[in-house]
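Just so it is clear, none of the values below were taken in a lab; they were calculated from the coordinates. Computed from a prediction, not measured in an experiment: that's the story for all the values here. Backbone-built Cβ (ideal geometry, glycine too); neighbour counts: all protein chains shown.
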Amino acid sequence: MNDESKTDASFSVGFLVCGCGRWMHTQGIAEQPGLGDDHWLVRSECCGCRWRVGLEVGAADAHPFIDRLMWTDEARHLLDRMPPYVQVLLRPSVDDYARAKGARVVTMGLLGEARRGGSVRWDAEADARLSRVPASVRAMAKAELEKTALERGHEAVTVALMEELKARYFGMAGKP
Ligand SMILES: [Zn+2]
């Protein structure tokens, strides 16, 4: 019997090992809005045999399964849509912001926070309306609304602001 892989007992937390004995490396993370803001699908792949697994996990328990600073698919998609010169400036500053907070994952929420350099509150009415926005676009709409509110020096996201930006963000799906 070969016990070589077990000889290092210095790890106190779990980490993901493939059935072939090699470490699994994190390939991507998807936010799971249906399960709440802090649930992710973490995708890992074995670099030896290419075995792939997905792990649905709460943010609080996810760190052992994420081997480096990662952006979620959603946050990366948002970054990809920005002009290249913005990406070049924004990416390292968001990475720094995440590291300073001890975060290993850049989510839509963290990206928004880093870009705003602050927080903004939501009117009760606006908050209720946001909850009726389809989950697939909610995180993006939320981030853009908060960013716009802060850029304009507003303290809160209001229904009036949502109405104004509605065509831009909520009408997307209906247009060719
Ligand atoms: Zn393997």
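Remarks
- By the count of other C-beta atoms within 10 Å, a proxy for reagent exposure, Trp51, Trp40, Trp122, Trp71 are ordered fewest to most as Trp51, Trp122, Trp71, Trp40.
- The string of couplings for region 66-75 from the Karplus curve (6.51, -1.76, 1.60, θ = phi - 60°) is 10, 8, 6, 5, 10, 9, 5, 3, 5, 5 Hz, one whole number per residue in order, with x for Gly and Pro.
- Computed from the C-beta positions of Val53 and Asp73 and an R0 of 22 Å, the FRET efficiency is 0.85 to the nearest 0.05.
- Rounded to the nearest whole angstrom, the semi-axes of the ellipsoid equivalent to region 15-67, taken from the Cα gyration tensor as √(5λ), stand at 22, 10, 7, largest first.
- In loop segments of region 41-83 as defined by DSSP, the trypsin sites (Lys or Arg not before Pro) with at most 11 further C-beta atoms inside 10 Å of their C-beta are Arg50, Arg68, Arg81.
- For region 25-113, alpha-carbon Rg over 2.2 N^0.38 Å: 1.10
- Three semi-axes of the equivalent ellipsoid, region 119-174, Cα gyration tensor, whole Å, largest first: 17, 12, 10
- By the Stokes-Einstein formula, at 0.890 mPa s and 25 °C, region 90-130 with its Kirkwood radius over alpha-carbon pairs has D equal to 217 µm²/s.
- Region 41-176, Cα convex hull volume normalised per residue, Å³: 157
- Calculated SAXS-style log₁₀ I(q)/I(0) at q = 0.12, 0.19 Å⁻¹ - region 73-141, Debye, Cα scatterers: -0.37, -0.85
- Amide H to amide H distances under 5 Å link His25 with Glu45, Cys46, Cys47, where only residues 5 or more positions off or on other chains count and H is placed in the peptide plane.
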